[in-house]
Each structure stands twice: as structure tokens, then as C-alpha cells.
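Trainee: Below you will find the structure I want to go over with you.
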Amino acid sequence: MRRHGFGGLLSDEQWRQLISMAPRHPFSTGQALLNQGDTGQGIHLMISGRVRVVSVYADGTAAPLAFRARGEILGESVLAGGGRTCSATVTALSGGSTVYLSAERFQSRLRELGLVDVLWDSAFQRQDESDRIRVQLARLPAERRLPAALVHLAAMLGEPTSAPLTDGPDRTGEGRLLHIPLPQLEVGGFAGLSRTSVHHAYTQLKELGLIRTGRQYVVVVDLGRLEALALGADHA
């Protein structure tokens, strides 16, 4: 199974050595792994499952910031020291598990395994990715924002499904479907779209045969065509 983020930069053996001495923490859908404002003591390394990262405002509303999957670090701000609090809330989108290490233990293991520079590389890559996504979504015209957001989310959260791959003899695609268990409004919020725009954008993509939707999920039928639409192709 593919690892993302920090874990994606490690070899299988490095990953095994890093997680082998730490206790596993299972989590279930909807469970909060970290709460904004809490003082962190350690980090979680994601072994399986998927989570959302949100910023919660004073009025109780939340803005989705990112989505994480296997291999990612959660709560890394604690590594800066100084009793820093969590800057966001992390909630499970599915069942899964993490391994938990105190900040001191994690840093010690990185030194033992010669992975300190890898941690810095992953931090820079995560920041670059976040900045690139935000700039891209902010500059894109509204009709391309949802396709771009879905392409990104499919890469992070997608999983194969057993649904039929075609709707008719004229359908072509790359032969896979992806399942994204997120409410439409949350995906729209990540893409910077209003409630009305989200509904319109989803309707268009369904009419094009690029996605199917259900209760709190989106199935991407043809990722290649969706990517082309996000890039501004006019023949989707």
C-alpha cells in the first residue's frame, strides 16, 4: 500500500524500523485524533485510514485545510518545542490506526536511523504542496476548481471500487474508479466554492459522466478526463 508524505520518502525497511517500537492506536470514523488548542506531547504516524485537517473558528464553523493518509505525520508542531498547541483539529474519515511516539522518542529514533534530513524534506514538501494547492484553487476559474480539488483528493483519499467501469460502449477511461467519502459541501469548501456553485459544479460533472455521487461520497469514473478538465481542456 502506498505511503504519503514523510513515510513516502522512506524505504520499506526504514518505515518498519521507525514504527516497530511504538504502540498502535486504532481509531474509528468520526474520532478526533487531535484537537485544536490542545498542547501536544507527541506525534502520530498514520499506518492506515484517512483523516481530515480543519481549522475551527470562534463561531464554531470549520474550514478544511488538508487531508492525510498512510505515511503522514500528525501533530508535528510539537517537534518545535516550547509547549506549542495544536493549530488544527484532525478527525478520522475512516477507521484506521496510527503509531504514537513522544516528541523526544521520535526525534531520538530519527537520529538513530539517520532520518533527520528526511523529516525536513517532508516538511518542505508539505508546505510547498499546501501553497501550490491554495494558489491553484484561488486562481482557477470556478468551473475548474471542483475538478482540480477532486483530482487532488482522489490522489490522497481514493481507493479502488468494484463498481462498473463504463456507462456504455462509447465510454473510455483508464480503467479505475476512486471512492472519496466526503460530503459535497466539504469538498466544495476545500475548492473555495459557495453552496450554490458546488451544486452546479457537481451537476455538470455528473452530466459529463466523470463522477457519480451518493450519500457522503464521490466516485471518480474517469480520472484522466477529470484531470484534463481541471487543466482547462475544452473537450471533456
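Every number here is computed from the coordinates shown, using simple stated rules; none is lab data. It should be emphasised that the depicted structure is a prediction, and the values quoted were computed from it without experimental measurement. Here the Cβ is made from the backbone with ideal geometry for all residues, glycine too, and neighbour counts use every protein chain on show.
Trainee: May I ask for the distance between the Cα centers of region 104-156 and region 1-38, given as a whole number of Å?
Mentor: 15
Trainee: Right, next: So if each residue of separation counts as 0.36 nm, and I subtract the Cα-Cα distance between Gln204 and Met156, what length gain in nm does that give?
Mentor: Full extension from Gln204 to Met156 adds 15.0 nm.
Trainee: So if R0 is 35 Å, what FRET efficiency would Leu185 and Thr85 give, r being the distance between their Cβ atoms, rounded to the nearest 0.05?
Mentor: Approximately 0.80, to the nearest 0.05.
Trainee: Could you pull out every whole DSSP H run in the chain that spans at least 24 Å of Cα extent along its own axis and averages -1.0 or higher on the Kyte-Doolittle scale?
Mentor: Sorted by number, the helices that extend far enough and score high enough are 116-139.
Trainee: Also, I was wondering about something else. How high is the relative contact order of the chain, in percent, counting Cα pairs under 8 Å that sit 6 or more residues apart? Provide the component values of the computation, followed by the final result.
Mentor: Numbers: 414 pairs, mean separation 45.8, N = 236.
Answer for the chain is 19 percent.
Trainee: By per-residue mean of other Cβ atoms within 10 Å, what is the highest-first order of 57-68, 84-95, 144-155?
Mentor: 144-155, 84-95, 57-68
Trainee: Next up: Given points 7 Å out from each Cα along the Cα-Cβ axis, report the Gln127 to Arg105 separation in nanometres with one decimal.
Mentor: Here the modelled spin labels are 2.8 nm apart.
Trainee: Determine, at each q value in 0.07 (inverse angstroms), the log₁₀ of I(q)/I(0) that the Debye formula gives when each Cα of the chain is one equal point scatterer.
Mentor: Reported log10 I(q)/I(0), two decimals: -0.25.
Trainee: What is the calculated FRET efficiency for Ser94 to His25, with r their C-beta to C-beta distance and R₀ = 25 Å, to the nearest 0.05? Mind dumping the intermediate values first?
Mentor: Working: r = 15 Å, r/R0 = 0.59.
Once the sixth-power term is evaluated, E becomes 0.95.
Trainee: Moving on to the next point. For the pair Gln14 and Ala32, how long in nm is the line joining their label points, each one 7 Å along Cα→Cβ?
Mentor: That separation, rounded to one decimal, is 3.4 nm.
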